[in-house]
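The values are calculated or read from the model by the stated rules, or taken from the named source; none is laboratory data. Everything numeric in this text was worked out from a predicted model, so none of it was measured. All Cβ positions, glycine included, derive from the backbone under ideal geometry; neighbour counts span all protein chains shown. The area values use the complete protein model at the heavy-atom level, side chains included, leaving out ligands, DNA and RNA. Shrake-Rupley method; radii C 1.70, N 1.55, O 1.52, S 1.80 Å.
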Amino acid sequence: FGIPDRQVKVLTNATAAQIKQGIAWLKELASIEKGKAELIFYYSGHGLPHDVTREPYLIPVDFSAGHLEMAIPLSDIYQSINQYPVKRNIVILDACFSGGSRKAPLIAAKKVKVIPKASAARGNTVVLSSSSNEEASAVYSEKQHGYFTYFLLKKIQETKGNVTLGELFDYVQINVLKETAIMGSKQTPTVS
C-alpha cells in the first residue's frame, strides 16, 4: 500500500506484552499525526470468546488455555487505536472467535463452540474479518496461509496495492467462500 518500511512493525509469534507494545507504538504515531494518521492493525492467529461474557479475545503465543485473562480483549484493541483522532483505522483479523480453531489444543480446551458477542469498532474504523462469528477460519494448507490471508495478499500483489478496500474485500470474500465450499466447509469473510 506504499507504506514506508520504517512505519511497519511486524511481530511474529508475539507474546501478549509484544502485542501490547505494538499497539502502544500505533497509539503514539496517531497522537503525533493529530487526526491525519491512517492505522492498519493486522492479526493472524487464534481468537477465543470468554465462556461467560462471550467477549472475543486475541490469543498470543504465551497464552495458557486455562487463563483467558492473559489474552487480549478485542475491545481493548479498538479502544486503543481510537484513543486519538485518526483519518482511518483498518483492522484486519484472520482469526475466528467461535472456539473452533486451527489447532487441537484450543479446541480441546474449549470443548464447545461459543458464538462470540460482536465487538463493535468505533470511530473511523473498518474491520475486515476472516469469518462470521459462528464460523471457524480455516487454513489453506497447500498455500501455507489462512484462506483469508492468502486471498488478501494475492489481490494486493496482483494490484501492487492499488486497490480500494471495497474491491479488496469483494475479491477476498468470493474467493474464500468458493475455496472453503470446495473443501466442504463454509467461511464467510465479513466487513463492518
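Structure values in brief
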read-out	value
Verdict on I90 being within 17 Å of T190 (Cβ to Cβ), outside any strand (DSSP E or B), open to solvent by less than 20 Å² (accessible area, probe 1.4 Å) and at pLDDT 90 or above	no
Any strands (runs of 3 or more DSSP E) falling wholly within segment 1-71 and containing at least 3 residues that are hydroxyl-bearing (S, T, Y)	38-44
Flag if I72 is buried (at least 19 other Cβ atoms within 10 Å of the Cβ) and among the hydrophobic types (A, V, I, L, M, F, W, C)	yes
Count of residues meeting criterion [assigned to a helix (DSSP H, G or I), of a type in the set (S, T, N, Q) and open to solvent by less than 50 Å² (accessible area, probe 1.4 Å)] in segment 170-189	2
Total residues in segment 46-70, condition in contact with a Gly (Cβ under 7 Å, 6 or more places away or on another chain) and more than 22 Å from D94 (Cβ to Cβ)	0
For V52: the one exception among (1) open to solvent by less than 60 Å² (accessible area, probe 1.4 Å); (2) out of contact with any Phe, Trp or Tyr (no Cβ under 9 Å at 6 or more places or on another chain); (3) not small (G, A, S)	(1)
Output for segment 36-49, where each listed residue is open to solvent by less than 20 Å² (accessible area, probe 1.4 Å) and touching a Phe, Trp or Tyr at 6+ places or on another chain (Cβ under 8 Å)	A37, G47, L48, P49
Answer from S141, S192, S137 - the residue that is surrounded by fewer than 18 Cβ atoms within 10 Å (Cβ to Cβ) and either among the aromatic types (F, W, Y) or touching a residue at least 24 places away in the same chain (Cβ under 8 Å) (or both)	S192
Among (1) open to solvent by less than 80 Å² (accessible area, probe 1.4 Å); (2) of a type in the set (S, T, N, Q); (3) in a helix (DSSP H, G or I), the one test that Q79 misses	(1)
Residue check for K155: of a type outside the set (S, T, Y), open to solvent by 70 Å² or more (accessible area, probe 1.4 Å) and over 13 Å from T190 (Cα atoms)	no
